[in-house]
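Undergrad: Right, I'll just put the structure down here and ask away after.
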Amino acid sequence: MMMPQERYVKLKQYLSEENPVFLEVIEKYQALDKVAYSLGLLSPEETYTSQISWWPMISVLGTFSAGKSTFVNDYVGQVVQQTGNQAIDDKFTVMCYGSNTEGVTLPGLALDADPRFPFYNISDEVNKVDPGEGSRVNLYLQLKTLKSKRLKGKILIDSPGFDADSQRDAILRITSHIVEMSDLVLIFFDARHPEPGAMRDTLEHLVATTIAHKDANKVLYILNQIDTTAKEDNLEDVIGSWQRALAQEGLISGNFFGIYNEDAAITVEDDTLLKRLKGKRDSDHARILERMDNVGIERAYRIIKTLVDRAKEMKEEQIPLLQERLQQIRRRVWWCNATALVLLLLIGGALEWQFHLFNSDIALGIGATVAVILLFVVHLKAGSFFAAKEAKQWRDNAPDISRAIMHNASWWRLLFGFSKTGWNRSAKSKLEKLITQGREAIQQLNDQFVSPSGSQGESKKV
Ligand SMILES: Nc1nc2c(ncn2[C@@H]2O[C@H](COP(=O)(O)OP(=O)(O)OP(=O)(O)O)[C@@H](O)[C@H]2O)c(=O)[nH]1
Ligand SMILES: [Mg+2]
């Protein structure tokens, strides 16, 4: 396993050539990790740099036979993916650049075990929703490397079509992971079946999750195979019913496109009709390609935004929650201590009353020492008992909180309090600094990419 230190160095080497902004950004991630180590939210071998994709990542999702693989092949300029009119793809294919002229296909395990890819430890995630399936990660994922200029410095993912009956939890989990990690998500629909029935599942699972996504602009909704509307010359109707179906799922505004693949398209006899279809296709296709080619810019923003969000979450949610839970544990421990003290005094009083046990200074001293030792034992036992109990409650839903509770429930913190000690105040001020610096880094990116006139065409590529 790659340790954080090694990972920072690798990331810096790889990314600083691309854009010097990344050097600082990686250092900020390092600082964020440090705060998390001190709070116990991360274990020493973990790092937030492995929870995001440093590569720009584009994913292609959608209904089956919509033409996803055909589109992907066209984009990379090679036939990497099989296509056909029945459900073809049964796994997610992660594609990246490789210098071998002969492409290489590697099993899903290659992705699961490699911290440079955004699927590191995906088997654990799959196991959470579908116990046991994680070990069969090869059934769900594969990695293909190919020598395609378009893929340089990018990750492109082709996915299996959504099928009404056979959607496994594992596939759904991987899909939402992909949507989460991607800088650009292309959701393909099939113009041959634009009505709600045929894409019910896709609508429910993809549209619903992407609408809810905080960064909705990264999702492109693509009606593919619009050449097929030539048969009845009803492009507008088909697009209309498609958008109505999307609106029914709550998607009113969004990035909508209509395209087809020229090699796979049917022959259109009518010239004016062909021109109209091709006009729509060419302009929409060009807009999609522009977003795909510029995905490096979106990635730069995403990486910084994730840092800011993470720091905010830590400061505004995790620290207060942790503080509250630890206070609670501390209160319980003090009640135990108080009860023990009362019991000891009663026992001591009874012994004195019955046997006059504490009639000398030495006896009194021994008695007091025994009492203090007993109280300390009670304090330790109660502390670890209540901390373990509390940690267990958070283990499944918030493992980082659970770990932090155990990390912080040391006897001296339980004795002297948390809110009073400086640790959380200093953590909070470090996080505040990171948040401000993150915002500055975003401005720095704006300076690089945004031209004052606001026109997109003048922006630089990362
Ligand atoms: N008419 C027409 N046919 C297309 C177009 N794009 C793809 N096809 C055909 O549609 C069929 C399905 O294409 P694929 O690319 O395999 O679709 P997919 O979405 O990858 O399908 P799964 O991987 O099975 O989910 C193939 O026979 C393609 O030749 C298009 O724009 N127009
Ligand atoms: Mg396919």
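The values are calculated or read from the model by the stated rules, or taken from the named source; none is laboratory data. Just so it is clear, the structure is predicted and the values come from calculations on it, not from any experiment. Note: ideal-geometry Cβ built from the backbone for every residue, glycine included; neighbour counts use all protein chains shown. Protein only, heavy atoms only, side chains kept; ligands, DNA and RNA dropped before computing areas. Shrake-Rupley method; radii C 1.70, N 1.55, O 1.52, S 1.80 Å.
Undergrad: Apply the Karplus parameterisation 6.51 cos²θ - 1.76 cosθ + 1.60, with θ equal to phi minus 60°, to every residue of the range 361-366 and state each ³J(HN,Hα) to the nearest whole Hz, in sequence, with x for glycine and proline.
TA: 4, 4, 4, 5, x, 4
Undergrad: In whole Hz, what ³J(HN,Hα) sequence does the range 48-54 give by Karplus (6.51, -1.76, 1.60; θ = phi - 60°), x for Gly and Pro?
TA: Using θ = phi - 60°, the values come out as 5, 5, 9, 9, 10, 9, 7 Hz.
Undergrad: Still on this model: What full-extension length gain, to one decimal in nm, is calculated for A208 and Y37 as 0.36 nm per residue of separation minus the Cα-Cα distance?
TA: 58.0 nm
Undergrad: Could you tally the net charge around G77, taking each other residue with its Cβ under 13 Å from the Cβ of G77, Lys/Arg +1 and Asp/Glu -1?
TA: With Lys, Arg at +1 and Asp, Glu at -1, the neighbours total +2.
Undergrad: Pulled fully out, how much extra length does the chain show between W353 and S241, if you take 0.36 nm times their separation in residues and subtract their Cα-Cα distance?
TA: 31.2 nm
Undergrad: Here's another thing I want to ask about it. If I model a spin label as a point 7 Å beyond the Cα along the Cα-Cβ vector, how far apart are those points for S135 and E6 in nm?
TA: In this crude spin-label approximation the distance works out to 2.6 nm.
Undergrad: When the Cα centres of the range 318-392 and the range 38-53 are compared, how far apart do they sit, in Å?
TA: Centre-to-centre (Cα) distance: 36 Å.
Undergrad: Could I have the simple spin-label model distance between E324 and N234, label points 7 Å from Cα toward Cβ, reported in nm to one decimal?
TA: For the pair E324/N234, the computed spacing is 5.5 nm.
Undergrad: I need the calculated FRET efficiency for the pair N100 and K128, taking r as the beta carbon distance and R₀ as 30 Å, to the nearest 0.05.
TA: Approximately 0.25, to the nearest 0.05.
Undergrad: Let me ask something else about it. Antiparallel versus total DSSP beta bridges in the chain: what percent is that, nearest 5?
TA: Of the beta bridges lying entirely in the chain, close to 25 percent run antiparallel.
Undergrad: From the residues V295, L307, Q327, which one has its Cα farthest along the dipole of the range 274-333 in the positive direction, the dipole being from +1 and -1 charges on Cβ of Lys/Arg and Asp/Glu about the Cα centre?
TA: V295
Undergrad: While we're here: Heads up, I need the accessible area for E316: 1.4 angstrom probe, whole protein in place, Å², nearest 10.
TA: Surface accessible to solvent at E316 totals approximately 110 Å².
Undergrad: Suppose every Lys and Arg Cβ carries +1 and every Asp and Glu Cβ carries -1, with no other charges. What dipole size does the range 4-98 come out with about its Cα centre, to the nearest 20 debye?
TA: 80 debye
Undergrad: Collect residues whose amide H, placed 1.01 Å from N in the peptide plane, falls under 5 Å from the amide H of D89; neighbours closer than 5 in sequence don't count.
TA: G161
Undergrad: Calculate the dipole size of the chain relative to its Cα centre from +1 charges on Lys and Arg beta carbons and -1 charges on Asp and Glu beta carbons; express the result in debye to the nearest 20.
TA: 1980 debye
Undergrad: Sort 295-308, 328-341, 136-149 by the packing proxy (mean of other Cβ within 10 Å over each peptide's residues), most packed first.
TA: 295-308, 136-149, 328-341
Undergrad: Putting +1 on Lys and Arg Cβ atoms and -1 on Asp and Glu Cβ atoms, find which of H205, A338, Q86 reaches farthest to the positive end of the dipole of the chain.
TA: Going by the charge dipole, the pick is A338.
Undergrad: With unit charges on the beta carbons (Lys and Arg positive, Asp and Glu negative) and the dipole taken about the Cα centre of the chain, which residue among W353, I435, A66 sits farthest to the positive side?
TA: Highest projection toward the positive end goes to W353.
Undergrad: Given only helices, namely DSSP H runs of n ≥ 4 each adding -39500 (n - 2.57), what is the per-residue ellipticity at 222 nm of the chain, to the nearest 500 deg cm²/dmol?
TA: Helices in the chain give a 222 nm mean residue ellipticity of -17500 deg cm²/dmol.
Undergrad: Starting at the first residue of the range 328-334, write each ³J(HN,Hα) from the Karplus equation 6.51 cos²θ - 1.76 cosθ + 1.60 with θ = phi - 60°, in whole Hz, x for Gly and Pro.
TA: 4, 4, 4, 4, 4, 4, 5
Undergrad: Please give the net charge around S182, taking every other residue with its beta carbon less than 10 angstrom from that of S182, where Lys and Arg add +1 and Asp and Glu add -1.
TA: Here the charged neighbours net out to -1.
Undergrad: Also, quick follow-up: Please report the carbon-and-sulfur percent of the accessible area for the chain; probe 1.4 Å, protein heavy atoms only, DNA, RNA and ligands left out.
TA: Its accessible area is 55 percent carbon and sulfur atoms.
Undergrad: Hey, rough spin-label estimate for D396 and E432, points 7 angstrom out along Cα→Cβ, what's it come to in nanometres?
TA: Going from the D396 label point to the E432 one covers 3.8 nm.
Undergrad: Over the chain, with the other protein chains present, what is the accessible area per residue in square angstrom, probe 1.4 angstrom?
TA: Per-residue value: 50 Å².
Undergrad: Let me ask another. Cβ neighbours within 10 Å, averaged per peptide: list 398-408, 243-253, 96-106 in order, most packed at the top.
TA: Result, highest mean first: 398-408, 243-253, 96-106.
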